[in-house]
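**Student:** Let me begin by handing over the structure; questions about it come next.
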Amino acid sequence: MKRTLILSFISGLVGLSALTGCIEDGVATSPSAQPVFSTDTLSLGDNFNLTPTSTARFKAYNRGDKILSISSVTLREKEQGTFRVNVDGMSGQSFRDVEIRPGDSIYIFVEATLPATGLGELSTVYGYLDFVTNGVGSTVVIKACGQDAERLSAYRVKAPGESWDATMPRVIFDSLIVEPGATLTLAPGSQLYFHDKSYLKVYGTLQAQGRPDSPVKLTGDRRGNVVGNIPFDLMASQWEGLIFAPESSGSMLSHAVVSNTVAGVTAETGSQVTFHNCRLRNSAGNSLTAVHAEVTLTGCEVADAGGSALSVTGGSLRASHCTFANYYLFVYPHEPIVSFGHTLAGSDDDDGSGRPVAVAEISNSIFAGLSADFSPGSLDGTQIYLRGCVFRGHGTDDDHFISSTWGYEPDWGVDRQAYIFDYRLSPESSLHGSASPLLTPDDAAVDLTGTPRLPSPTPGAYQQSLDL
């Protein structure tokens, strides 16, 4: 019995010794044994200086059949503390003896806070991760672009003529309020970035004076990519949205982009606002909501919403050469692309306000998307008229749908799987030149890209063709 125990003990020692020898012999020592990286340059995208960037990552692979031991990983940077690194769960600036098992990989995470430069333009900052494995060095470059910004919190515009230039972008925290009697004018190229839960409410007047080559931009303050090649520009619900209060009048937005909101743009009861060659897009709710308001849309793209692209209750609407489209990415849209309420007194959609019913004239516009084009389906008895419009759905003309094109599948640059939402028509589209010039008002003579429509206008927001 004792002899058996002794033999078992010796056998165990031999086995342990053999296992230890296998582990030691299983580490690759040849200079040719090197990690393979998923990228040679890691981009952190465009960011605001003094604000932490999103976290980017890459992988280091061991393609061999033995353990790969990286002797050192070292961060090099011009200004200490700009970049932060995590290697396989460990944070720091330098790391020793990082092992990757055969056929396995590890993650390296990087983020940064870029220093202020005193400049409104983007500037690029580089960092370097140096790897030494079996005496051989390799480097992954880290690239981050930064831009100084003016930061405003709970800011109130009180003057009758406050103007903002485009020298530097502005980041809005909490709210931006244009008070009654005040006017805020945004110069061409102005960029307003709104932080989570912030909003812009206009009691007075907002003038956005964008141009085709320098639009005014109102969007969320998250920049770069969410992950991989998916940009934050696709993400709704980054800020609350733009609201025109009941007493607001005289507002004019030209060549402005309002995007990535919770509730889009809202024109409240009694407000008056004009949108010229604008893009109102990517809202978790409606992209544009008008409630007993006076709204004019010319040459606008109103698109991609968790609700309707456009929702109108009562009030008045004039829309010409607009594209109303909904291929929203995050949920399958179920609401009509354009919906009307309070269209007939005493009807099912009467909201009980006692206010005048909806009055609308829509011309030379396109309706298309994943849900029904239009609600209500019958406009009999209403004061809503659509002339020279194009519908993806099928229908027939009557006293309210006049000179329509039905059952058209738009051939534009939309690919939800590839995150492409470009509402310009292809060069081969049969819609080119099919709109009536008699229904093209003077303020729609040029599209939002600066392309002239006349003498042969194309329906929708874009005269310019898709780039193939």
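**Student:** Which numbered condition trips up A154, out of (1) in contact with an Asp or Glu (Cβ under 7 Å, 6 or more places away or on another chain); (2) part of a loop (DSSP other than H, G, I, E, B); (3) of a type outside the set (S, T, Y)?
**Tutor:** All conditions are met except number (2).
**Student:** Just give me the residues in region 416-427 being free of Cβ contacts under 8 Å to residues at least 60 places away in the same chain and either touching a Ser or Thr at 6+ places or on another chain (Cβ under 8 Å) or open to solvent by less than 70 Å² (accessible area, probe 1.4 Å) (or both), in sequence order.
**Tutor:** A418, D422, R424, L425, S426, P427
Rundown of residues vs (1) open to solvent by 70 Å² or more (accessible area, probe 1.4 Å); (2) of a type in the set (S, T, N, Q), yes/no style:
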site	(1), (2)
P336	no, no
N364	no, yes
G388	no, no
T396	yes, yes
D399	yes, no
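**Student:** Give the residues of region 450-463 that are crowded, with 16+ Cβ neighbours inside 10 Å and either out of contact with any helix residue (DSSP H, G or I) (no Cβ under 7 Å at 6 or more places or on another chain) or among the polar types (S, T, N, Q) (or both), sorted by residue number.
**Tutor:** Answer for region 450-463, where residues must be crowded, with 16+ Cβ neighbours inside 10 Å and either out of contact with any helix residue (DSSP H, G or I) (no Cβ under 7 Å at 6 or more places or on another chain) or among the polar types (S, T, N, Q) (or both): T458, P459, G460, A461, Y462, Q463.
**Student:** Another one. For region 308-317, give me the residue count where each residue is in contact (Cβ under 8 Å) with a residue 40 or more places away in the chain, open to solvent by 10 Å² or more (accessible area, probe 1.4 Å) and among the small types (G, A, S).
**Tutor:** Number of matching residues: 2.
**Student:** Restricting to region 366-378, name every residue that is closer than 24 Å to L438 by Cα and either surrounded by fewer than 20 Cβ atoms within 10 Å (Cβ to Cβ) or touching a residue at least 60 places away in the same chain (Cβ under 8 Å) (or both).
**Tutor:** Once the filter is applied, which keeps residues that are closer than 24 Å to L438 by Cα and either surrounded by fewer than 20 Cβ atoms within 10 Å (Cβ to Cβ) or touching a residue at least 60 places away in the same chain (Cβ under 8 Å) (or both), region 366-378 yields only I366.
Residue by residue, here is whether (1) assigned to a strand (DSSP E or B); (2) under 30 Å from the mean Cα position of the chain (by Cα); (3) over 27 Å from D447 (Cβ atoms) holds:
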position	(1), (2), (3)
T343	no, no, yes
D350	no, no, yes
S371	no, yes, no
I384	yes, no, no
H394	no, no, yes
D398	no, no, yes
P410	no, yes, no
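**Student:** Out of (1) polar (S, T, N, Q); (2) over 17 Å from F244 (Cβ atoms); (3) in a strand (DSSP E or B); (4) in contact with an Asp or Glu (Cβ under 8 Å, 6 or more places away or on another chain), the odd one out for T185 is which?
**Tutor:** (2)
**Student:** Kindly state which strands (runs of 3 or more DSSP E) lie completely within region 64-143 and contain at least 3 residues that are farther than 21 Å from V36 by Cβ and either open to solvent by less than 40 Å² (accessible area, probe 1.4 Å) or touching a strand residue (DSSP E or B) at 6+ places or on another chain (Cβ under 7 Å) (or both).
**Tutor:** 123-133
**Student:** Can I ask one more? Only one residue in L50, L44 is open to solvent by 50 Å² or more (accessible area, probe 1.4 Å), modelled with pLDDT of 90 or more and under 30 Å from H195 (Cβ atoms), so which one is that?
**Tutor:** The unique qualifying residue is L50.
The values are calculated or read from the model by the stated rules, or taken from the named source; none is laboratory data. Remember, predicted model here, so these are calculated numbers, not experimental data. Cβ coordinates were reconstructed from backbone atoms using ideal geometry, including for glycine residues, and neighbour counts include every protein chain displayed. With ligands, DNA and RNA removed, areas are computed over all heavy atoms of the protein, side chains included. Shrake-Rupley method; radii C 1.70, N 1.55, O 1.52, S 1.80 Å.
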